[in-house]
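Written below as structure tokens is the structure these notes are about.
The values are calculated or read from the model by the stated rules, or taken from the named source; none is laboratory data. Note that the structure is predicted; figures quoted are calculated from it, not measured. Here the Cβ positions follow ideal geometry from the backbone for every residue, glycine too, while neighbour counts run over all protein chains shown. Protein only, heavy atoms only, side chains kept; ligands, DNA and RNA dropped before computing areas. Shrake-Rupley method; radii C 1.70, N 1.55, O 1.52, S 1.80 Å.
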Amino acid sequence: MKVIPFNTDTLKEAVLLLKNGGIVAHPTDTCFGLAGDLMNPEVMKKIQAIKGRDYKKPMSIMISVAQQLKMARYVKLDDFSSFVTYTLFPGAVTLLLPKGPAIPDYFFPEERLIGLRVPLHNLTQDMLTAFNGPLITTSANPSGKDICFTHEEVVEYFKKSEHGPDLVFTGKINSRHLASTVIEVKKNYVRITRKGPITASQLGAILGVNVRG
């Protein structure tokens, strides 16, 4: 487990690592996360091993702001869901939407929906832009444990573990948030399935639609 600051050179190192099936721990707009290549079938297994996570429990993906133009590759959109995505992204939300054609068959095939994130965080966006593809995303903590807000907390969790991220970017999230608000996008309303930084009342005010959950 390599712990390094973020700069132009280490960004290149992280992208090369990701393209070769490695796992990167990094700060986001909510908490520290783990990132890995969606298109590598071994990466999902590595992240599940790192977290000690039930292999049936779904994980989300994240894309860059620029990749929003290609969002329909990863999720199926209609007029309403397009409005929701372009209104809420980038931000501290995960939107549950029907899987698009580019999602690999091995990525939770029993699930009809997929969680999609576009984080509002410079480091994460730089990494996503340089990688130029979707990354699996999940919080950088063992399953059932508290989420992390500093790289020291991530290192403490995994320093003696058989499984851990290959690279950890140093950093601290000053505003300690919950993990992202998870929102299922329905036909003409949205439903909060996990509470987070964006509340139901805030969501209703932003979107001007019925919010359930």
Quick one: would you say Lys56 is of a type outside the set (Val, Ile, Thr), under 30 Å from Lys195 (Cβ atoms) and open to solvent by 30 Å² or more (accessible area, probe 1.4 Å)?
-> yes
For residues that are open to solvent by 60 Å² or more (accessible area, probe 1.4 Å) and aliphatic (A, V, I, L, M), scanning just the stretch 1-13, find the one that is nearest to Gln125 (Cα to Cα).
-> Val3
Before we move on, is Ser161 touching a Lys or Arg at 6+ places or on another chain (Cβ under 6 Å) and either open to solvent by less than 20 Å² (accessible area, probe 1.4 Å) or assigned to a loop (DSSP other than H, G, I, E, B) (or both)?
-> no
Sole residue being over 23 Å from Asp37 (Cβ atoms), modelled with pLDDT of 95 or more and in a helix (DSSP H, G or I), chosen from Glu184, Glu156 = Glu156
With (1) out of contact with any helix residue (DSSP H, G or I) (no Cβ under 9 Å at 6 or more places or on another chain); (2) in contact (Cβ under 8 Å) with a residue 60 or more places away in the chain; (3) within 21 Å of His163 (Cα to Cα); (4) open to solvent by 10 Å² or more (accessible area, probe 1.4 Å) as the list, and Leu16 as the residue in question, which single condition is left unmet?
-> (2)
When every residue in the stretch 140-154 that is touching a strand residue (DSSP E or B) at 6+ places or on another chain (Cβ under 6 Å) and open to solvent by 20 Å² or more (accessible area, probe 1.4 Å) is compared, the one nearest to Tyr55 (Cα to Cα) is Ile147
Kindly indicate whether any position in the stretch 144-152 is over 20 Å from the mean Cα position of the chain (by Cα), outside any helix (DSSP H, G or I), without any contact (Cβ under 8 Å) to a residue 40 or more places away in the chain and farther than 22 Å from Ala14 by Cα.
-> no
Matching residues, the stretch 32-50, being buried (at least 22 other Cβ atoms within 10 Å of the Cβ), under 14 Å from Asn141 (Cα atoms) and not aliphatic (A, V, I, L, M) | Phe32, Gly33
Filter the stretch 59-104 for residues that are assigned to a helix (DSSP H, G or I), charged (D, E, K, R) and either surrounded by 18 or more Cβ atoms within 10 Å (Cβ to Cβ) or at pLDDT 95 or above (or both) and give the result.
-> Arg73, Asp79
